[in-house]
Amino acid sequence: MAKKLLTKTFLFLFSISLIIITLPFLNLGNGTGNSHKNTAYFSPQASKETVIFAALPENKPLTQTSVKTADARPEIIRQYLAKYGSDLEPYANLIVQLSDQYNFDYRWLVAIAQQESNLCKKIPANSYNCWGWGIYGDNVIRFDSYEDALITIAPKFKETFLKDEHLRDPYEVMATYTPPSNGSWAAAVLQFFKELE
């Protein structure tokens with residue numbers, strides 16, 4: 001019992017001594033020789049000896065981000081052609097490039113291919129002609145590849161059917177592209193235009 005009392009007394013006195021010894025060191029931050037990068041902030045409610053330290057913010061550069069915009073049209077065409085399993089899918093970028101080069105709506109070449117050949121699924125053998133271009137009776141215009149067909153047809157399509165700026169309507173194009181149509185060709189092309197928006 002005496003041993004327990006002696007141990008408690010020793011711990012109490014040791015704690016008091018430790019507090020008394022460390023008190024002078026608590027105020028070291030106020031000295032001019034302080035090498036820490038801390039700033040002292042005094043609380044108005046606290047006594048004059050109370051000091052609160054806050055670390056200064058580091059000088060790190062701000063993170064910069066950039067937003068790049070991209071033309072969505074090739075992806076719209078690519079997804080549309082992929083949806084229907086068309087052989088034209090790899091040519092989505094080329095279709096947009098040619099449409100821009102010859103200044104006509106990027107949907108024309110895809111919509112006409114959809115109407116004329118179900119996106120190249122129903123074409124004369126080895127013709128690569130998905131647009132019904134120059135196909136009538138036994139006459140078939142053939143191309144070496146889909147790329148060759150697109151590069152050949154795009155400028156001729158513009159020159160022949162979209163020469164005048166106001167002639168951009170499928171019903172007006174239908175009158176010379178496929179005169180026998182009763183309007184169903186233009187209606188279908190318009191529908192494909194909407195699907196490609």
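The values are calculated or read from the model by the stated rules, or taken from the named source; none is laboratory data. What you see is a predicted model, and the numbers here were worked out from it, not measured in a lab. All Cβ positions, glycine included, derive from the backbone under ideal geometry; neighbour counts span all protein chains shown.
In the set (1) at pLDDT below 75; (2) loosely packed, with under 10 Cβ neighbours inside 10 Å; (3) within 50 Å of the chain's Cα centre (by Cα), Thr39 fails one condition alone, (2). Contact map, region 184-195: residues that are assigned to a helix (DSSP H, G or I) paired with residues that are aliphatic (A, V, I, L, M), Cβ distance under 6 Å, separation 6+ or inter-chain. Pairs shown: Trp185/Met174; Ala186/Met174; Val189/Ala111; Phe192/Ala111; Phe193/Ala111. Of all residues in region 151-183, those being of a type outside the set (S, T, N, Q) and in a helix (DSSP H, G or I) number 16.
I'm checking my understanding of the structure. Among residues of region 146-170 that are hydroxyl-bearing (Ser, Thr, Tyr) and at pLDDT 90 or above, which one is farthest from Tyr128 (Cα to Cα)?
Residues of region 146-170 hydroxyl-bearing (Ser, Thr, Tyr): 146, 152, 160.
Within this subset, residues satisfying the condition of being at pLDDT 90 or above are 146, 152.
Values: Tyr146: 5, Thr152: 12 Å.
Among those residues, the one meeting the criterion is Thr152.
Is region 2-21 home to any residue that is over 26 Å from Gln191 (Cβ atoms), modelled with pLDDT under 70 and among the hydroxyl-bearing types (Ser, Thr, Tyr)? No: region 2-21 contains no residue that is over 26 Å from Gln191 (Cβ atoms), modelled with pLDDT under 70 and among the hydroxyl-bearing types (Ser, Thr, Tyr).
Here's the yes/no breakdown for (1) without any contact (Cβ under 8 Å) to a residue 24 or more places away in the chain; (2) more than 22 Å from the chain's Cα centre (by Cα); (3) assigned to a helix (DSSP H, G or I):
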position	(1), (2), (3)
Ile76	no, no, yes
Tyr91	no, no, yes
Leu94	no, no, yes
Gln97	yes, no, yes
Asp100	yes, no, yes
Phe104	no, yes, no
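Taking region 117-150 as the range and being exposed (fewer than 15 other Cβ atoms within 10 Å of the Cβ) and outside any loop (DSSP other than H, G, I, E, B) as the test, the residues that pass are Tyr136, Asn139, Glu147, Asp148.
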